[in-house]
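Heads up, the thing below is written out as structure tokens.
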2 protein chains.
Amino acid sequence: MLASRFVAGRCVGIFRNVYRSHIRTHLITFAEKRFESTLSAPHSVPLPQHHNNHLSRSFSRSAMASVESIVQQLQGLSITPAATVSHAAASSPATWREALEQSSSAPKSFELIKTIVYKPKTAKTATPVPLVVVAREGTDVISGALGKKLNLKEPRLASEDLLTEFFSLDKNSLSPLALNEQTFPKVVTVIDNTIESASTIFAIRGLSTSSTIFLTGRELFSYIKRLETQENALHEIDFEALRTDGPAASATTPAKKEKESAKIEGAAQIAIGIKKEVDFAGWYTNVLLKADMLDYYNVSGCYILKPWSYSIWEIIQDWFNKEIKELGVQNAYFPMFVSQSVLEKEKDHIEGFSPEVAWVTRAGKSDLEEPIAIRPTSETAMYPYYAKWIRSHRDLPLKLNQWNSVVRWEFKNPQPFLRTREFLWQEGHTAHLTKPEADIEVRQILDLYRRVYEDLLAVPVIPGVKSEKEKFAGGLYTTTVEGFIPTSGRGIQAATSHCLGQNFSRPEMFNIVVEDPNDPTGQGKIYVWQNSWGLSTRTIGVMVMTHGDNQGLILPPRVAAIQAVIIPCGIAAKTSDEQRKTINDKCEELAQQLKKIGVKAKADLRDVHTPGFKFNDWEQKGVPLRLEIGPADLAKQQTLSVRRDTGIKAPIPLAQLTTVVPQLLETIQSDLFKKAQDNYYSRLKEITKWDDIVPALDNKCVVALPWCEEEACEDDIKERSGQSSEPQDERAPSAGAKSLCIPFDQSRWTPIVPGQTKCPACSKDAKRWTLFGRSY
Amino acid sequence: MLASRFVAGRCVGIFRNVYRSHIRTHLITFAEKRFESTLSAPHSVPLPQHHNNHLSRSFSRSAMASVESIVQQLQGLSITPAATVSHAAASSPATWREALEQSSSAPKSFELIKTIVYKPKTAKTATPVPLVVVAREGTDVISGALGKKLNLKEPRLASEDLLTEFFSLDKNSLSPLALNEQTFPKVVTVIDNTIESASTIFAIRGLSTSSTIFLTGRELFSYIKRLETQENALHEIDFEALRTDGPAASATTPAKKEKESAKIEGAAQIAIGIKKEVDFAGWYTNVLLKADMLDYYNVSGCYILKPWSYSIWEIIQDWFNKEIKELGVQNAYFPMFVSQSVLEKEKDHIEGFSPEVAWVTRAGKSDLEEPIAIRPTSETAMYPYYAKWIRSHRDLPLKLNQWNSVVRWEFKNPQPFLRTREFLWQEGHTAHLTKPEADIEVRQILDLYRRVYEDLLAVPVIPGVKSEKEKFAGGLYTTTVEGFIPTSGRGIQAATSHCLGQNFSRPEMFNIVVEDPNDPTGQGKIYVWQNSWGLSTRTIGVMVMTHGDNQGLILPPRVAAIQAVIIPCGIAAKTSDEQRKTINDKCEELAQQLKKIGVKAKADLRDVHTPGFKFNDWEQKGVPLRLEIGPADLAKQQTLSVRRDTGIKAPIPLAQLTTVVPQLLETIQSDLFKKAQDNYYSRLKEITKWDDIVPALDNKCVVALPWCEEEACEDDIKERSGQSSEPQDERAPSAGAKSLCIPFDQSRWTPIVPGQTKCPACSKDAKRWTLFGRSY
């Protein structure tokens, strides 16, 4: 028996969103326009009869109007919502949740309700009967199993057209409250059976992305239940049972292997529910959630790093620790609190951070005498002690590093890993006797950062120096490794290593000074040369964005907590216990064999899941290599390997497992890097004429300009390049192009002829090729 | 040449303090009393003539009076102090600094001035001429080298009697301002030559521990300089040069090996400057500072963990991570912020923490809508997500751990590592289907904690369960490993592993529930069983207190960042460069040899320091094993090993180095544990009569009582045992005896006969032997 056919697509329609929460008015206008056009103008989609009735009209007229009419209707049913909240338009569950959490009128604790519409397969001429699923946010809706249960053929996620046709709503505004006397009879409705008795308050779309109505589970249930007729029942489904009943149910319907794997592929394609190239921000959030890397947290801008992502950070920590210890750096820990006077000592520096500093003002019930800051970075917290500890040139170099979290209370839209209010990082702070020594270290560390990205995460970066405008506040110069996200066409600062010069050590600052050992008079003083450098969990976000695909996460083998997952296949109901045990034992044996040679292998022997479920599960989680073992494989003494990155399948003779698997993992690692690098390089445009810049940016490229390196020109480029007609993703803080870096390796581009090559923005003499781009 | 004779004692008298900062009035009264008694009553110490003059009288009369008169006197000299501050009596530099930092009238930044008095060796009948050293807080005063420079014989730290005799002040109130026309001619005065030109403001004792006068370096200098006469000069000393000139100077005075090592031993005995058994709190702080483990930080109650202590934490982390991962625990990271509603959900629990919670109320210049707490522990922050993630019994057990810092803004006296406002720890949080499973894990983790203490830190602990009164707020029961600090005779909670029962999972709390897989009706629900367990950097403090001696820190080899230090010896001025190189090369070669077999070895080839300086340095830092290599050793193909714990010296043939050193390190490890365990056990008193309890406690013991286990009785024991006449150390929060734990192993004591054995406190039936003691 081949159970995997029951896996099918696990699609959560509500997740397929575009983040456009700031354009609330725009959305409403758009909805109205669309509604009007469907009313007044000829339309290619035939309008069903019920479409034009009063209720659906008032629902789609505007958010406020629809909320009022729904509430009226609910009150007619003796249901009084716990709250109704208007908020910024929020398309995705994540932004929706955030919008509600920021609202003072929303309940403290709630769960989102998702409404998903599927279209079962029908004859082309037949009128479709959509399948509407109302479920709790966390419920896994497995459409295949559901279709089977309801005897509906191959339910697939409904198109936007179908939603418009039946509900006059887009998928993000869809709500169980769109079910009414008119719509209910036309569809098959399913409700998550845990809703009715849940003690939670549920957040339900007010038929728009900018209004929410809060009901109890019982209220929501009774709202739908009353619509039930003899002909048209409300189906209460135990999705948990559906999920786990899979294998048992499948025993009755064996299918051919060929057909099955096609289905799995089909299922996998919509596993994430949102296409990377269509809605990148929604895709990103979904990959993180489905891969179990992260969860949202009830303090806005803060996220939970679950083991699947934290383990990557641990691998980076281990590697980086070893490298910096070789350089003589020691780890230490400084307190998270910084007194106001110390924090604000360096003016340029604090100016860069002060709007984002979180202040503790109270302990227990007592107000503190003076507010105390939570470090946004630790330069000014550490350097008074550097001044104390460095008494002689023999105390140099002083090289400390700490692994900690810092807080920058940004009010821009947060994004997991890329922009969060608290984030994990390391910050190194070193002091040197001479500038050359400091310079060398800046570059040594930068190269370690490059290797974290390229060698561990398989993410290409370009090392270079930041422009004066973009350098670290208060430092002398900043070096950077610049990454690139092809899907958004934006650059991303991946990690930075700063030379602070003597700015923090000078007498009026922290006065970190030693006697000059080389001054024959013995009178000379040297203010120490300092560096600081940091790498954060942003690494993980960049990695996800770079490699992930529409099946979910793809992990480079070197940072994967599980590199190879071994899955028993071909176990059916009629399989004898003995056969089952043989296969399972073999899986476990192979896992042990691989572990012994250092491959992080795991045998997935969960007996409640089908192989197909497991394939999907581990694909979403990005495990680089899958090894399948079925009776036929066993007979041939082989295992079928499936690469996560390419999907390429190849049998591996068991006798060669321990040689082939490590090689294959290395191949995957280098192929991932090569692919990402080719992608980056193909989007790196050498540009010498102004008119070519914006089209290149709009074409999701980074431009290399022969640049004059003047700050006014940089401001001008940003201003002028920001006037593109391309719709902006408001998650990205900058729409105009900033300078990303001046690459150290200039040899990639046509040599600049001093005095001849001109800056394409201001026509002054060009100095060096500089990367400009839209950025995170 | 044998240079180490010049190391001598590096004593900093000001550090020899008792912490009694809260008993300000008491101290002043005491000073007055003493002064009056020396005036009015016969006294065994002969009073020198100058003692009775007006100035010294007004100085010691009371803190306020003395400050006024000093300020008047200074103004007469045209010196106007930057500030004068009255504060709580602060004996140690640490508490003094804290008192000043908490004062709004003190300058934001300052340095402490220390005043140390030595008595050079003189004939018994001669009038002593004390040596008074006025130096900056951070200056190393090496009394041996100083004595040599001034031609004063073997200066030793002056007795309290001598201070009273000359200045009518105790050592903590001593100040350069006690030098005046009367006192200056009777002493030899030395001033740190960096004071005059320093740009810092200096804090100077106002002749009491509760008042401080702030002067510039130039003002302080001129105050003393004006007292100079032709007969009596003020000596300006470059202590840095004194410290580093050692080797050069020593070249002129070769001495015999025997004599030298005696001197080193003598020097080492006072290396820490405070005797452990005399002033334990002062000793502890000094060990931490001298061993370079920790520094004070300008936010009160927070400390900097320097690499020498942080590396111990890293070793603990590595070990513990490996062990818990074996148990299926995964690491994760939850945000440091907790919303008020979530934090306060469990009432019993929050009651235990709320007075200590730090609240963020502002970000940048914006007030937050709602204050957000910094986690004091993460139960309530994590469990809403446990409720979300645990949907089925198949999601159990869920076992997460995080390494983080938590904040408990205690207003009690902080103490490094033992009680700090921010501290590092791990917190594990697990959920289980059944109570037996949870119970087993509680004990598994507790045993790991025992092994961290016993196997890594060589600190004995006693595992047991806490009384109802002492258990974790909101939990079901708490298991603990209880440590013991013999020097203070106090118990210390070393780490705890809690079973929370179903208290956090029940429906009205976080509602973490699954269907009962064993219920045939399919209707049964199980609220999960939860544990939480934590181990903090307190480990390091307990380790320091347990093993350290009057030479400083003693590190158990398994947690030492450097296990063996190799020091070249016998290099003199006349040693040829070639000979020098041969010896240094050999040291480096041995270090490499040892590293290859996994011994953390380091060759200390610093050429500016004498071997004696290095011996002292590494002894203070607690390196378990020293290997000396000199020309004679080289000739014999051996190295002289010196154990830090016992001082035992033994030659090791170089050919056997790689076998003997690892064995020796293991011996040191087990000897340290054995010694500490013997000490602990010898202080564990089986007591069955009430009257024996307080004497045992006063005798710095922990008592085992056959206890009734009733809470009222526990309160009573605490109350009644707190009425001892023993002077209390206010650093310790509890003076009465608390229950420490009910040991799992009851076999150590006379079996309790049910119904017969009575509780010695209340005469009810005894249940189990329970440890009671004063505690941290």
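Couple of notes before you dig in:
- Pairs spanning more than 28 Å between alpha-carbon atoms, out of A:108/B:525; A:276/A:758; A:345/A:764; B:276/B:325; B:399/B:674: A:276/A:758; A:345/A:764; B:276/B:325; B:399/B:674.
- Protein accessible area in chain B, 1.4 Å probe - carbon and sulfur %: 50 percent
- All other residues whose Cβ lies under 14 angstrom from that of residue B:708 are scored, Lys and Arg at +1 and Asp and Glu at -1, for a net of -3.
- For chain B, the convex hull drawn through the C-alpha positions has a volume of 199 cubic angstrom per residue.
- Convex hull per residue volume in Å³, alpha carbons only, for the protein assembly as shown: 225 Å³
- Per residue of peptide A:667-679, the mean number of Cβ atoms on other chains within 10 Å of the residue Cβ is 0.
- Residue-level accessible surface for residue B:303, protein heavy atoms, 1.4 Å, Å²: 20 Å²
- Summing Cβ point charges (Lys, Arg +1; Asp, Glu -1) relative to the Cα centre of the stretch B:431-534 gives a dipole of roughly 360 debye.
- Here the contact order of chain B, divided by its residue count and restricted to Cα pairs under 8 Å and six or more residues apart, works out to 12 percent.
- Highest mean packing comes first when the peptides A:769-776, B:680-687, B:413-420 are listed by Cβ atoms within 10 Å, giving A:769-776, B:413-420, B:680-687.
- Each residue of the stretch B:363-380 is assigned a 3J(HN,Hα), and the resulting list reads 10, x, 9, 9, 6, 6, 4, 10, x, 10, 8, 8, 3, x, 5, 10, 3, 6 Hz, derived from the Karplus form 6.51 cos²θ - 1.76 cosθ + 1.60 (θ = phi - 60°), x at Gly and Pro.
- Note that chain A presents 39 Å² accessible area per residue, ligands and nucleic acids not counted, probe 1.4 Å.
- Chain B, helix-only ellipticity at 222 nm - DSSP H runs n ≥ 4, -39,500 (n - 2.57), divided by all residues, nearest 500: -10500 deg cm²/dmol
- With all pairs of separate Cα atoms included, the stretch A:589-677 yields a Kirkwood hydrodynamic radius of 13.8 Å.
- Annotation for residue B:751, label-to-label distances across the other copies: 9.7 nm (shortest first, one decimal, point 7 Å from Cα along Cα→Cβ).
- Extreme residue, positive dipole direction of the protein assembly as shown, given options B:416, A:684, A:583 (C-beta unit charges): A:583
- The dipole here belongs to chain A: it is taken about the Cα centre, uses +1 on the Cβ of Lys and Arg and -1 on the Cβ of Asp and Glu, and is about 1740 debye.
- Other-copy label distances relative to residue B:317, 7 angstrom Cα-Cβ extension, nm: 0.4
- The calculated Kirkwood hydrodynamic radius for the stretch B:397-491 is 15.4 Å, given to one decimal from all distinct C-alpha pairs.
- Rg/Rh for the stretch A:684-773, where both radii come from Cα atoms and Rh is the Kirkwood radius: 0.96
- Simple rule: put +1 on each Lys or Arg Cβ and -1 on each Asp or Glu Cβ in the stretch A:684-773, find the dipole, and look at A:747, A:694, A:735; the Cα lying farthest toward the positive end is A:747.
- Antiparallel %, DSSP beta bridges [both residues in the stretch B:502-631], to 5: 35 percent
- At least 30 Å² accessible surface lost relative to isolated chain, residues of the stretch A:92-130 (1.4 Å probe): A:108
- Selection from B:598, B:609, B:637 lying farthest towards where the dipole of the stretch B:596-649 points positive, charges on Cβ: B:598
- Counting charges near residue B:454 (Lys, Arg +1; Asp, Glu -1) among other residues having Cβ under 15 Å from its Cβ returns a value of -3.
- Net charge dipole size for the stretch B:684-773 [Lys, Arg +1 and Asp, Glu -1 on Cβ; Debye, nearest 20]: 280 debye
- Here residue B:366 yields copy-to-copy label distances, from shortest upward, of 3.1 nm, the label point defined as 7 Å from Cα along Cα to C-beta.
- Interface size B-A, as summed buried accessible area [1.4 Å probe, Å², nearest 100]: 5900 Å²
- Residues in the stretch B:304-320 occluded by at least 10 Å² - accessible area, probe radius 1.4 Å, against chain by itself: B:304, B:305, B:306, B:307, B:310, B:314
- Computed from the Cα positions only, the extents of the stretch B:62-172 along the three principal axes stand at 48, 27, 27 Å, in decreasing order.
The values are calculated or read from the model by the stated rules, or taken from the named source; none is laboratory data. For clarity, every value in this text was computed on a predicted model and none was experimentally measured. Please note: Cβ atoms are built from the backbone with ideal geometry, for glycine as well, and neighbour counts cover all protein chains shown. Heavy atoms of the whole protein, side chains included, go into the accessibility calculation; ligands, DNA and RNA do not. Shrake-Rupley method; radii C 1.70, N 1.55, O 1.52, S 1.80 Å.
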